[in-house]
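Colleague: Sending over a structure as structure tokens; questions will come in a sec.
The values are calculated or read from the model by the stated rules, or taken from the named source; none is laboratory data. Please read these numbers as outputs of a predicted model, since none were measured by experiment. Glycine also receives a Cβ, built like all others from the backbone with ideal geometry; neighbour counts cover every protein chain displayed. Accessible surface areas use protein heavy atoms only, side chains included; no ligands, DNA or RNA. Shrake-Rupley method; radii C 1.70, N 1.55, O 1.52, S 1.80 Å.
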Amino acid sequence: MMPVDEALERIFAKLPVLGAETVPLSAANGRVLAKPLTSSHNQPPFDSSAMDGYAVRADEVFPGKPLKLAGTSQAGSRFVGMMGYGQCVRIFTGAPMPIGADAVVMQEDATANGNQISFAKAISPGTNVRKMGYDFRRGAELLPAGTTLTPQMLSLAAGANQPGLTVTRRPRIAIVATGDELVPPGTPLGPDQIVSSNSFGLTAMLAPLAESILDLGIVPDDKAQIDARLLEAFDAGVDMLITTGGASVGERDYVQEVLRDLGVDLDFWKLRMRPGKPLMFGTRGKTLVFGLPGNPVSALVTATVILKPALRAMLGHADPLWPRIGVPTLAALPPNGPRRHYLRGRLSRNDIGFLEVTPILETDSGHSSSLALADALIVQPEDHPGAPPGEIVEVIPLNWG
């Protein structure tokens, strides 16, 4: 069995290059920058006021000494000409500084008597002034390649006068569920039948990282039908093929055999993890192929631990393993064996607002209701001696993206 970390290294070494595309800002949220974001201008593009008040020459401001109001500068309509000596200009936040002014007195510290403006205290040059380029300068790199774009970053890109961004193309994914016993949701169950659920959870989990997900439905444990369905996925030119079920080597576990017959170079098919030991990985040309276990908990845990980091790395994320955090456990963890254990857990906040995790001690790989209640996986290393309550443990949040 291969350790999880080694498996990820092998996968990362075989990731295809997806290429890049330029998308408008309105379609860029959550995408990954393929090229750095740079600014085409200075921001602000001129010296501007950080306050509503009066633009002045700082060396002319003395308590009780009035200056003559010469005009107004407001956003989109600057004061024209030079502010003379002994003068001040009414100015509003974001408005250009008048020529000759070097400070702004906030309006709370000024008193108007007609066009005579007096001030409560002296002021230093540069007070309440945003200098040209204070936020960023023309040509500056504002965000590096590999950044996952957020709403705040899109606002920055718009402010940098960039209408679109160059991002990594997202992969196309196909999913196939295998098993004679599987039927679609909503089907009256016959003897020995179970409802197929994995494809729905996997699609929802991976959709934010994919351009498209092709659900090729359920295929029975028949070599010819499995062959035809998998060939359909390859013919569609997908970047990643995911099968669920049939990943072991039982008499009717045909997936591995069919994948080899179709030219897939299998790298490994057992991982030192639980749940999720029977996980296959291989490649066919530029297509990554993953065979996930059929048990619903195993399928979704292996997708969280293996598939999501692989997809994030394909997209160029700076940290493919994000998110991982350390929090105290509220209950003891039992000793672990030779496989890395991903326990279900519930995150909560203590009295001072810090996160903690409560282990869900149900470990059956078919117990999907306990996974549905979990919002984290607790990572328990191989041969771990166990942990008392209060010890910091590594956690993978399940719903953070």
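Colleague: Residues that are over 15 Å from residue 202 (Cα atoms) and out of contact with any Phe, Trp or Tyr (no Cβ under 7 Å at 6 or more places or on another chain): does segment 286-308 have at least one?
Modeller: Yes: one or more hits.
Colleague: Pick out, from segment 1-96, the strands (runs of 3 or more DSSP E) lying fully within it that include 1 or more residues that are touching a Leu at 6+ places or on another chain (Cβ under 6 Å).
Modeller: Output list reads 87-91.
Colleague: Just checking: which of the strands (runs of 3 or more DSSP E) contained wholly in segment 212-291 hold 1 or more residues that are open to solvent by 20 Å² or more (accessible area, probe 1.4 Å), basic (Lys, Arg) and modelled with pLDDT of 95 or more?
Modeller: Filter on segment 212-291 gives 280-284.
Colleague: Go through segment 64-92 and give me each residue that's within 45 Å of the chain's Cα centre (by Cα), hydroxyl-bearing (Ser, Thr, Tyr) and either farther than 14 Å from residue 49 by Cβ or surrounded by 16 or more Cβ atoms within 10 Å (Cβ to Cβ) (or both).
Modeller: Scanning segment 64-92 gives a single hit, 73.
Colleague: Moving on. Consider residue 371 carefully, then state whether it is in contact with a strand residue (DSSP E or B) (Cβ under 8 Å, 6 or more places away or on another chain) and open to solvent by less than 40 Å² (accessible area, probe 1.4 Å).
Modeller: Spelling it out, residue 371 is indeed in contact with a strand residue (DSSP E or B) (Cβ under 8 Å, 6 or more places away or on another chain) and open to solvent by less than 40 Å² (accessible area, probe 1.4 Å).
Colleague: Right, another one. Tell me, please, whether a residue that is touching a Ser or Thr at 6+ places or on another chain (Cβ under 9 Å) and open to solvent by 20 Å² or more (accessible area, probe 1.4 Å) can be found in segment 300-307.
Modeller: Yes, there is a match, as at least one residue in segment 300-307 is touching a Ser or Thr at 6+ places or on another chain (Cβ under 9 Å) and open to solvent by 20 Å² or more (accessible area, probe 1.4 Å).
Colleague: Please determine, by comparing only the residues of segment 176-211 that are open to solvent by less than 40 Å² (accessible area, probe 1.4 Å), out of contact with any helix residue (DSSP H, G or I) (no Cβ under 6 Å at 6 or more places or on another chain) and among the hydrophobic types (A, V, I, L, M, F, W, C), which one is nearest to residue 365 (Cα to Cα).
Modeller: Filtering segment 176-211 for residues that are open to solvent by less than 40 Å² (accessible area, probe 1.4 Å), out of contact with any helix residue (DSSP H, G or I) (no Cβ under 6 Å at 6 or more places or on another chain) and among the hydrophobic types (A, V, I, L, M, F, W, C), the one nearest to residue 365 (Cα to Cα) comes out as 182.
Colleague: Tally the residues that are out of contact with any strand residue (DSSP E or B) (no Cβ under 6 Å at 6 or more places or on another chain) and either at pLDDT below 95 or assigned to a loop (DSSP other than H, G, I, E, B) (or both), restricting the search to segment 161-180.
Modeller: 6
Colleague: Among the listed residues 145, 101, 122, identify the single one that is within 30 Å of residue 170 (Cβ to Cβ), aliphatic (A, V, I, L, M), assigned to a loop (DSSP other than H, G, I, E, B) and modelled with pLDDT of 95 or more.
Modeller: From the options 145, 101, 122, the qualifying one is 145.
Colleague: Can you name every residue in segment 101-122 that is within 18 Å of residue 50 (Cβ to Cβ) and open to solvent by 30 Å² or more (accessible area, probe 1.4 Å)?
Modeller: 102, 106, 107, 108, 109, 121
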